[in-house]
Each structure stands twice: as C-alpha cells, then as structure tokens.
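Below is one structure, written out as structure tokens; the observations come after it.
The values are calculated or read from the model by the stated rules, or taken from the named source; none is laboratory data. What you see is a predicted model; the values in this text were computed from it and never measured. Cβ coordinates were reconstructed from backbone atoms using ideal geometry, including for glycine residues, and neighbour counts include every protein chain displayed. Surface areas here come from the heavy atoms of the whole protein model, side chains and all, with no ligands, DNA or RNA. Shrake-Rupley method; radii C 1.70, N 1.55, O 1.52, S 1.80 Å.
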Amino acid sequence: MPETMRQLAIILLAATTLFYGCAGSDSESGAFGQSGTSVGGSLASITIVDDHLYALNQTSIIPVDISDLTDPEVLDLVRVESGLETIFPYDGKLFLGSASAMFIYDLAQKDRPQLLSVFTHATGCDPVVARGNYAYVTLRDGLSCNNPFRLNVLSVVDISDPTRTSLVNEYNLNNPRGLGIGCNNKLFVCDGEFGLRQYDLTDPSAPELDTTYTDYFANDVLIKDDVVTMTGEDGIYQFLCEEDELRLLSRLPITR
C-alpha cells in the first residue's frame, strides 16, 4: 500500500474516531442503531459501517477497508458527481447529500458501493437522514449553497423501494441545516438562527411540528439514546429527552 494512501486512511480513521465515535445497538436513530456504525451528525462527510470507513470528496466515495487497523487499505474510488456534501448510513445503505440530489448506494459489496437511485432537487445545501420507509432532506440557501431559487425546505422522501424514490411531503422553513431522528420518535431539524425544531413522527410521512426551541442558533444535531447534542454558533449543547420536550443539560462555549 503506497505510503500516501496509508497516511490518508489513518487520517480518515482518526478523524472519524475523534469526532464521531462508536455507536451501540440501542439507539433509535438509523445511523446509530446498527452495530459497528459510527455516530455522526447529518453534516458528516465520513462514516464507519462494520469494517469499512467511507469518506467523501467533492466527486467520489472513498471506501477504506479497516478490518486491519494497523494496515487500512484505501480501495478504488466510486465516482458519483460533483458537489457531494454529506453521508448517512442506514439499513445497509449510504445516503449521500449533494448540491443537487440525494443518492442511495447499496453496501452489499462493501468494497464498492452500488448506486440504487438518485432523487434530484433544486441546487442547495443538502443533509439527509433516514429511518424506516422515509428519508428526510433539508435544502437551504446561503453564501456557499448556490441556491438560485432561495428554497428553504424540509422534504420527506419515500424510500420504501430504494430504487424508485418519490417526494411525499415538503415543508417551508427559514434556513434549515442538519437534522436527526430519535428521542421519543422525534425528528429534530436545525433552522439556524430560528432555533431547533422538533417534529412528531407518529405519521413518518407527515412530520408534525410540536415544539421550536428558539433560544439557540441550531446548526446540527447528534442523537444517542436519550441525549441530543446540538452544535450552534456559540457552543455545543447537550439536552436530555423528557417525554415530549428537551431539558438543557450543559453548554460548552465556543469563542471565535
């Protein structure tokens, strides 16, 4: 294995371990509930599934075999398209968010993920999470998002047949960013300066807004068991799920 590729693999592995950790098997969220799958927010561009690490560059998936941690192997890149942004693992698949589409890749061949479908949308920043028969995608504008129509929406996509996806619902928001599922069957959507929005998923095809936490600038969320960790402009927040609402546990300030 070339030394430069070995170094890349080690860097990717270290980054994932430090920033995303390792999940148990008891979380509600799809990315966290699979044994051997890394814990990452919806804005993550690196994830671990079993003995493989998957990273994104602007145009490709980079699979890395980490079955031997002392000798990780960077495998052949899987070309996707330009503008790749986020990666989310769920149910033996990778959900990729790009500037213009959501891609679903099958992991039956872990060394080389296979494309199942492409859900296209208007250009903009595009994180995605999934659970059950639905994926949830936010699309926003901003200086780096190249969103000419200034769309700011939460989209619900039917993935019951991952080879033929379809839009089933869409909600207008202000400036939606990262999102996560868990914590008493809730969908949490970060809406920038407009706060953290909490949706009930009793009907997963039609999330119902039940609470907005307006005291925070919300950028991304990471959910593990009954704890919601949220990143904002001024710090990292931890909340405890208590029935239908969140209770603030701690705040780690971040100064600029």
| remark: Of the residues in region 86-136 that are in a strand (DSSP E or B) and charged (D, E, K, R), the one that is farthest from Ile66 (Cα to Cα) is Arg131
| field | Given (1) touching a Gly at 6+ places or on another chain (Cβ under 9 Å); (2) buried (at least 17 other Cβ atoms within 10 Å of the Cβ); (3) among the hydroxyl-bearing types (Ser, Thr, Tyr), number of the condition Ser155 does not satisfy | value | (1)
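Let's see how each residue does on (1) at pLDDT below 55; (2) closer than 19 Å to Gly178 by Cα; (3) touching a His at 6+ places or on another chain (Cβ under 9 Å):
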{"site": "Thr4", "(1), (2), (3)": "yes, no, no"}
{"site": "Ser45", "(1), (2), (3)": "no, yes, no"}
{"site": "Asp51", "(1), (2), (3)": "no, no, no"}
{"site": "Tyr54", "(1), (2), (3)": "no, no, no"}
{"site": "Leu69", "(1), (2), (3)": "no, no, no"}
| remark: Screening Glu170, Glu245 for residues that are farther than 25 Å from Leu116 by Cβ and open to solvent by 50 Å² or more (accessible area, probe 1.4 Å) leaves only Glu245
| query | Quick one: how many residues across region 228-242 are within 13 Å of Tyr216 (Cβ to Cβ) and either in a strand (DSSP E or B) or open to solvent by 80 Å² or more (accessible area, probe 1.4 Å) (or both)? | reply | 10
| message | Pairs needed: first member in region 189-217, over 16 Å from Val128 (Cα atoms); second member anywhere, part of a loop (DSSP other than H, G, I, E, B) and of a type in the set (Val, Ile, Thr); C-beta distance under 8 Å; at least 6 residues apart or different chains. | response | Phe194/Thr214; Gly195/Thr214; Glu208/Thr202
| field | Hits in region 200-227 (condition: buried (at least 16 other Cβ atoms within 10 Å of the Cβ), more than 17 Å from the chain's Cα centre (by Cα) and within 19 Å of Asn175 (Cα to Cα)) | value | Pro207, Thr211, Tyr213, Tyr216, Phe217
